[in-house]
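Colleague: One structure, pasted below without further comment.
The values are calculated or read from the model by the stated rules, or taken from the named source; none is laboratory data. What you see is a predicted model; the values in this text were computed from it and never measured. Cβ sites come from the backbone with ideal geometry, for glycine too, and all protein chains shown count toward neighbours. Areas reflect the complete protein model, heavy atoms only, side chains present, ligands, DNA and RNA absent. Shrake-Rupley method; radii C 1.70, N 1.55, O 1.52, S 1.80 Å.
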Amino acid sequence: MKSWWRQTVRLYIAYHNLRTRYSDVLEVFKNWKSFYGSYRNRKTDTEFVEKIADNTQNALESYDSKNLEKLDKLIEKNSWIAYYSGCRAELDLWIDFERELVPVLDIFDFILSADINFEDGSIKFERNSFFKFNCFFSRYFTILNNKIFVRNDYIDSNYGLKKKKLLRDLKNEFLEFIEALEIYFYEFVEKASDVHPISQISKIEPDYIISFNYTHTEKYYGIDNVHHIHGVIRDNLDRGINNMVLGVNDYDNKDFIYFVKYFQRIQKHCGVDYKYFINEPCIFKSSDEFDKEYNDYELYIYGHSLDETDKDVLKFAIGDFDDENKFQMKARKVVIYYYDQQDFELKVINLITLFGRDIVEKNMDDNKIIFIKIDNNID
């Protein structure tokens, strides 16, 4: 029998009033021309900078002109940035971003499987929802009169659609989009924000942190045992390789696997340290053995929506169904922090989506799943 010490694991996207919501990113991208034009002329719009930086003067002095120049080129030409900046969906949280990625994959999936007229590259369709992509992905196709006209670059008059080239270009543009996000976090979040530890987080004193953040918020708590499960921005953008993970939880057509998070975690060498943090509780034995050997850690979830887009990690950390379809609670206790009543309701709904009503109700009644309102008092 192995002996385990009791440990505390924190699974989180911690809230420090940082401008890391997707709506914050869009604020910069949408106002980029005005901001960058003023910046180059050294007449920076301080009113706009105040929206994106806590310390305006420090932000203006710290911007790396080379990074801003690169971001300018990416924003100007990237189809994905054009799409997310221009689509009318309510993009506030990162899960909103991920959901809006699916219909883009759907239209390209449709193009790959459809019958193409080799002469003009046209594809007939009946989905009105396709029209909204017309002006954002014009590099690949245009839409007119219920027909998709694939660009000549992706059509071979003898063999039809150049599938590999289309997928390669779409993937490379997506990687450039992620690169633009890294520059945003590096220049407009890490440099421009004054961060103070939150007392409520400090009091948890976790042994390990499983972070979904791209930023280094854990450094404000002096915690070294951290796994950035979706990657982390580099300390120096001129060194190393971008390892940020961004995509959907899964997609049926594996031609689009580069847009799937679990593949990106492998591809970008993000590792599976989070599994070792929680003593590999994926191994189920009998209920008695499970309780004795594996069920001896507390899990604190701070800032994560519990959306099913991260269900593989959430189920691994919280609990899952065994081979006999019996639910096994992996953590001894799960404490979930929420911002307000609306956030509380959303998290309960997402838990029910993941595990079902009966499981959620039973574990809440047994005080194995506990909700606590967030207190943003700082140390």
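Colleague: Six or more apart or on different chains, Cβ under 9 Å: which pairs go from a residue in the range 336-349 that's open to solvent by 70 Å² or more (accessible area, probe 1.4 Å) to one that's in a helix (DSSP H, G or I) and of a type in the set (Val, Ile, Thr)? Could you list them?
Modeller: Listed pairs, sorted by first residue: none to list.
Colleague: Can you give me the ranges of the helices (runs of 4 or more DSSP H) entirely in the range 283-379 with at least 3 residues that are modelled with pLDDT of 90 or more?
Modeller: 311-318, 341-355, 357-365
Colleague: Separate question: I'm checking my understanding of the structure. Among residues of the range 159-193 that are of a type outside the set (A, V, I, L, M) and over 22 Å from the mean Cα position of the chain (by Cα), which one is most open to solvent (accessible area, probe 1.4 Å)?
Modeller: Filtering the range 159-193 for residues that are of a type outside the set (A, V, I, L, M) and over 22 Å from the mean Cα position of the chain (by Cα), the one most open to solvent (accessible area, probe 1.4 Å) comes out as 159.
Colleague: Does the range 194-204 contain at least one residue that is at positive phi and open to solvent by 20 Å² or more (accessible area, probe 1.4 Å)?
Modeller: Looking through the range 194-204, none of the residues is at positive phi and open to solvent by 20 Å² or more (accessible area, probe 1.4 Å).
Colleague: Which pairs turn up if I take residues in the range 291-313 that are under 13 Å from residue 355 (Cα atoms) and look for partners that are at pLDDT below 90 and surrounded by fewer than 22 Cβ atoms within 10 Å (Cβ to Cβ) with beta carbon separation below 7 Å, at least 6 apart in sequence or on another chain?
Modeller: 307/95; 308/249; 311/249
Colleague: Next question. Pick from 205, 218: which is assigned to a loop (DSSP other than H, G, I, E, B) and either more than 16 Å from the chain's Cα centre (by Cα) or among the aliphatic types (A, V, I, L, M) (or both)?
Modeller: Matching residue, one of 205, 218: 205.
Colleague: Right, next: Return a yes/no flag: does the range 254-274 have any residue that is at pLDDT below 85 and either open to solvent by 60 Å² or more (accessible area, probe 1.4 Å) or of a type in the set (Val, Ile, Thr) (or both).
Modeller: Yes, that holds for at least one residue.
Colleague: Of everything in the range 99-140, what is over 19 Å from residue 152 (Cα atoms) and either under 22 Å from the mean Cα position of the chain (by Cα) or of a type in the set (A, V, I, L, M) (or both)? Give them in sequence order.
Modeller: The answer is 99, 100, 101, 102, 103, 104, 105, 106.
Colleague: Could you give me the residue pairs with C-beta distances under 7 Å whose first residue belongs to the range 252-272 and is within 17 Å of residue 97 (Cβ to Cβ), whose second residue is assigned to a loop (DSSP other than H, G, I, E, B) and small (Gly, Ala, Ser) wherever it lies, and which are 6+ apart or on separate chains?
Modeller: Listed pairs, sorted by first residue: 259/247; 260/247; 261/247; 264/247.
Colleague: A further question follows. Taking residue 135 as meeting all but one of (1) open to solvent by less than 90 Å² (accessible area, probe 1.4 Å); (2) closer than 27 Å to residue 77 by Cβ; (3) not basic (Lys, Arg), write down the number of the exception.
Modeller: (1)
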